[in-house]
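Just so it is clear, none of the values below were taken in a lab; they were calculated from the coordinates. Please read these numbers as outputs of a predicted model, since none were measured by experiment. Glycine gets a Cβ as well: all are built from the backbone with ideal geometry, and neighbour counts include every protein chain shown.
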Amino acid sequence: MKAAHSALDEIVDIREPETPRTDDEFERGFGAMLARRAQAATGLSQQNFAEQFGIPAGSFRDWE
């Protein structure tokens with residue numbers, strides 16, 4: 001019998017670790033990681049960082 005999924009399971013990608021990412025998934029995730037690191041390094045808020053670098057604020061929030 002399968003264990004019940006927690007609320008966290010709905011947020012987190014619960015694929016098997018050996019399931020490879022597609023190239024598109026990898027690129028999107030890598031780009032998001034770089035943007036988050038850059039935003040943290042600048043000390044700017046998400047909104048200010050998005051405006052400063054021409055990233056749609058909604059996209060930046062979705063990456064979090």
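What to note about this one:
- Shown in residue order for the stretch 20-26 are the 3J(HN,Hα) couplings computed by the Karplus curve 6.51 cos²θ - 1.76 cosθ + 1.60 at θ = phi - 60°: x, 7, 6, 4, 5, 4, 5 Hz (x for Gly and Pro).
- FRET E, pair residue 51, residue 21, Förster distance 30 Å, beta-carbon r, rounded to 0.05: 0.50
- Each Lys and Arg contributes +1 and each Asp and Glu -1, all at the Cβ; summed about the Cα centre of the stretch 22-63, the dipole is approximately 260 debye.
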